[in-house]
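Down below is the structure, laid out as structure tokens.
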Amino acid sequence: MEAYKKEFIEFMVDCQVLKFGDFVTKSGRKTPFFVNTGFYRTGAQLRRLGQYYAEAINNKFGLGFDVLFGPAYKGIPLSVAATIAISEKYGQDIRYCSNRKEVKDHGDKGILLGSPINDGDKVVIIEDVTTAGTSIEETLPIIKAQGDVNPIGLVVSVDRMERGKGTKSALSEIEEKYGLKTTAIVTMAEVVEHLYNKEYKGKVVIDDKLKAAIDAYYEQYGVKE
């Protein structure tokens, strides 16, 4: 596993973004783990987060695209942080864009924040995590309504590696249904591999009991080959 992936996993634990317990996802699944990027709360944390996203984006898509689109609300700081990191690390000036939840009818009217999306723009979508592909269904029509635009990719922080609405993984379904390439900074398999029965800052984050709960979750919602 690449060093930046290990660093990112520990970074999520430090920031309390990666949590273990009893949660319910947006798609209604009861889960023993949850990723909440709302817990990145300082400038230093967002700077580092942007750097991890920038590396994942460059590794998968390269930097030959025009706009990084972050769906409201959590995608707004993600798109800003990642475009800053891409500029600083790679010297590439990518535009950021996000949507408003409500269309603004005064001042700079419309549904978008940041850069407009123009005909022919290559767009990559940035999100925190995708469980069942619910949010992408809301995002794509907004982007495509801006003109002759076909998004080329989706990047998330963590691939939860579970079924979407059918038998394949959510990211695989998105690739097939929408023709989008997808990538993640890390997968849950990599998270488990790095944290299971290993001490981090004096504590075992994933012990046998938690590992059993995660395994049981994937028995129910994991991808069936």
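At a probe radius of 1.4 angstrom, the accessible area of the chain per residue rounds to 49 square angstrom. For region 135-225, DSSP calls about 35 percent of its internal beta bridges antiparallel.
For region 18-70 versus region 115-187, the spacing of their alpha-carbon centroids is 13 Å.
Working from Cα pairs under 8 Å separated by at least six residues, relative contact order for region 78-208 is 17 percent. Based on Cα contacts under 8 Å between residues 6+ apart, the chain shows a relative contact order of 17 percent. Stretching Lys144 away from Arg41 to a fully extended chain increases their span by 34.0 nm, per 0.36 nm per residue minus the current alpha-carbon distance. For the cross-link pairs Lys60/Lys165; Lys26/Lys201; Lys5/Lys198; Lys30/Lys122; Lys122/Lys177; Lys5/Lys181, the ones whose C-alpha atoms lie over 28 Å apart are Lys26/Lys201; Lys30/Lys122. What a 1.4 Å probe finds exposed on region 3-221 is 49% carbon and sulfur by accessible area, rounded to a whole percent.
Each helix, a run of at least 4 DSSP H residues, gives -39500 (n - 2.57); summed and divided by the residues of the chain, these come to -12500 deg cm²/dmol at 222 nm.
Rounded to the nearest 20 debye, the dipole size of region 107-225 about its Cα centre is 160 debye, using +1 on the Cβ of Lys and Arg and -1 on the Cβ of Asp and Glu.
How big is the antiparallel share of DSSP beta bridges in region 3-221, given as a percent to the nearest 5?
On the way: 12 of 31 bridges.
If I count the DSSP bridges inside region 3-221, around 40 percent turn out antiparallel.
The values are calculated or read from the model by the stated rules, or taken from the named source; none is laboratory data. Just so it is clear, the structure is predicted and the values come from calculations on it, not from any experiment. Methodologically, a virtual Cβ is constructed for each residue, glycine included, from the backbone with ideal geometry; neighbour enumeration extends over all protein chains shown. Accessible surface is based on the protein model in full, side chains and every heavy atom, while ligands, DNA and RNA are left aside. Shrake-Rupley method; radii C 1.70, N 1.55, O 1.52, S 1.80 Å.
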